[in-house]
Amino acid sequence: MDSEDEFMSGASSGDDFANIEDSDDDFDNEDQDLGFSQDKDIVRTSKKSYEVDFEVLGPSQIQLQQDVQIKDVADVLGQPPEAAAILLRHLRWNREKLFDRYMENQASLLDEVGLEEDASHTPSTKKIPDFECEICMSGDSDVETYALKCGHRYCVDCYTQYLASKIRDDGEAARIQCPTSGCKRIVDSKSLTFLVEDNLKSRYRELINRTYVDDMENLKWCPAPECIYAISCSVRKKDLAKIVPTVTCECKHPFCFGCAHEDHQPCPCSLIKKWIQKCEDDSETAHWISANTKECPKCQSTIEKNGGCNHMTCRKCKHEFCWMCMGLWSEHGTSWYNCNRFEEKSGNDARDAQAKSRQSLERYLHYYNRYANHDQSNRLEKDNFAKTEKKMTLLQNQSGMSWIEVQFLETAAKTLQECRQTLKWTYAFAFYLARNNDTIMFEDNQKDLELATENLSEMFEQPVEQLSAKKLDILNKNTYCSQRRVTLLSDTAELLKRGKWTFNISLD
Amino acid sequence: MAKRIGKVSSILSLTHLKLTSIQELAELTSKPPPLMKINLPNESDLHKWHIILSGPPSSPFEGGSFTLLLTLPKDYPFKPPLLSFQTKIYHPNVSNDDKGAMCLGILKPDEWKPAIKIVDVLEFMAQVIREPNLDDAVEQSIAHEMREDRKAWEKKAKEWTRKYASGKDGTSENAT
């Protein structure tokens, strides 16, 4: 790819890096490796409307990105790289802001991070006659001591132990300050590597990289356990109402760049967050609530009746009502424990509201059950991966097909998984959709995909001896399923991008 | 004094903890901050100190004697000490439970600096007891009461001081 073209076209989001090439020609040919190509227009270059461009970065690339920016800033400001690194980290790698603030008031910015105007130095230790270290409160003339530019001097042992405890126990790196109370000077990487042991140096590097990725809006760690890669993608937080940026890491883990959750296309991040929250709150108890409780007619708090008396007083809003007719208790007059006022208006209204509330619960359960069902099937099918392989071997032995020829089973298993994953989230999405023509089209798409997926699933689970005869059917169905999925995702993403969906809830 | 302990430490190869805390303890017991007495509840355990604080004059804690436990973590002074009230006190910055925890900014792990001395911590603590910090309260209800009805808070704080910190438990006799 031509990284330079893409780089220059990234006008909207590439400002941060805009003058890298202008300022230093040496970096021109390195661009390709540096991941700067992430800054391009997501909408224009996407292959399908639901796909986004992204790049996977390994530790060395992450390191390189930082070094380039540090060198660049160091050159522009005429500061040593250590100082530039501290400044960049302090301002979370926002070069614009760094330059602005530097121009505005150099001294105050440098002071804020404890740097002075001339910060070039080579770290070295010193012996001071009659030295007493403020940390261990001991010392001697022959103890090696160390101080940053601030001049707060401690014995090397204490300094080292302080840094080690910060790095090892607190996981700090980029913002470790001088051990003196009130001194904000940050321990630069040169001093740090000079003082700590080798095993902590690598930990320090790791932490520095971690902070870098955390600080950059276009970078995210792959959330898979033990994974060392980061993803670079230009989708920003404000874009998330318009796009669902699913990315796949080098380690094969697919996830959402927006919220680091599993791949949840076609449902936008904000909705899945609401949905998951709702499910956590509701799903287990929803049935029980539906069966055993009523809502307070005034404040809609859910109430369980646990005694015999029909005179209910809502704990929350103190509303008094009758459990039987849901009407005002005051209307009951003296016929206290016996409700014969079923026809009163207040009771009628309350029961209507009650019915509505039950209805909304029913509606939720409709979507939830389907969501949960696909989720479970998906999990089962994931577990079945080993089983698929066994099936393939068995089929190979029985039918005399070659290993290549039985691959269609693995393909089908993969398709099934993808389709289930998508279907699962279509239900969360549909739950939040308002009723209109687009929604009806969406539900048609959903129905088609669901039907096709169930058919494929059924074929797939047939006894092995019937599978060889069904190979063509399975292949056809497999293609059909994939197509249906692409259609559903494309159509949904298209409308999302254009902001055409109407939701029954706000998207933020 | 510092010199001498320095030498001893090199012979016995004492850790930072022991050395620093012996030194600080020596200074604090001989010259404690105002209204405080320091002792070790268990002579052989340098990690646990008792601070006996006399209620500051003209505060509702006046006349009371409060015992605090100062616990030094094993990597002291690289990790902050813990400070907790053993005596109940009706104060928005001290948790009203069996922990009696105090939330002091400088004792938070990310604000702690190894060069901070225990005497600084104790002085800061006494300052907070004298002048409660309502914006950073652990006990929201007490803070609320102080804001709304200071008289009521003072009355209750005095009552607690009389009830829990009147110096009838032996340890406080030294303090007053």
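The values are calculated or read from the model by the stated rules, or taken from the named source; none is laboratory data. Since this is a predicted model, take the numbers as computed values, not measurements. Cβ placement follows ideal geometry from the backbone for every residue including glycine, while neighbour counts extend to all protein chains displayed.
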**Prompt:** Can you tell me which of B:ALA165, B:ALA157, B:ALA115, B:ALA137 is over 12 Å from the mean Cα position of the chain (by Cα) and closer than 18 Å to B:LYS37 by Cα?
**Reply:** B:ALA165
**Residue satisfying condition, being out of contact with any Asp or Glu (no Cβ under 6 Å at 6 or more places or on another chain), in the same structural domain as A:THR145 (by TED's automatic domain parsing) and modelled with pLDDT of 85 or more, within set A:VAL235, A:VAL187** = A:VAL187
**Message:** Can you pull out every residue in the stretch B:107-128 that is surrounded by fewer than 22 Cβ atoms within 10 Å (Cβ to Cβ), touching a residue at least 12 places away in the same chain (Cβ under 8 Å) and away from chain A (no Cβ under 14 Å)?
**Reply:** B:ALA126, B:VAL128
**Request:** Kindly indicate whether any position in the stretch B:99-106 is in a helix (DSSP H, G or I), within 14 Å of another protein chain (Cβ to nearest Cβ), closer than 24 Å to B:PRO34 by Cβ and small (Gly, Ala, Ser).
**Result:** yes
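This table checks each residue for (1) over 28 Å from the mean Cα position of the chain (by Cα); (2) of a type in the set (A, V, I, L, M).
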residue: A:LYS391; (1), (2): yes, no
residue: A:GLN398; (1), (2): yes, no
residue: A:LYS414; (1), (2): no, no
residue: A:PHE429; (1), (2): no, no
residue: A:TYR432; (1), (2): no, no
residue: A:MET441; (1), (2): yes, yes
residue: A:TYR480; (1), (2): yes, no
residue: A:GLN483; (1), (2): no, no
residue: A:LEU507; (1), (2): no, yes
**Prompt:** Are any residues in the stretch A:128-176 in contact with a Lys or Arg (Cβ under 6 Å, 6 or more places away or on another chain), under 17 Å from A:LEU200 (Cα atoms) and touching a residue at least 40 places away in the same chain (Cβ under 8 Å), and if so, which ones?
**Reply:** A:ILE167, A:ALA174
**Request:** Find the residue count for the stretch A:133-149, including only residues that are surrounded by fewer than 18 Cβ atoms within 10 Å (Cβ to Cβ) and within 12 Å of chain B (Cβ to nearest Cβ).
**Result:** 3
**Message:** Looking for something away from every other protein chain (no Cβ under 14 Å) and in a loop (DSSP other than H, G, I, E, B) - is there at least one such residue anywhere in the stretch A:167-189?
**Reply:** yes
**Request:** Would you check if B:LEU83 is away from every other protein chain (no Cβ under 14 Å) and modelled with pLDDT of 85 or more?
**Result:** yes
**Request:** Say whether the condition of being out of contact with any Ser or Thr (no Cβ under 9 Å at 6 or more places or on another chain), more than 24 Å from A:VAL486 (Cβ to Cβ) and not small (Gly, Ala, Ser) is met by at least one residue in the stretch A:402-425.
**Result:** yes
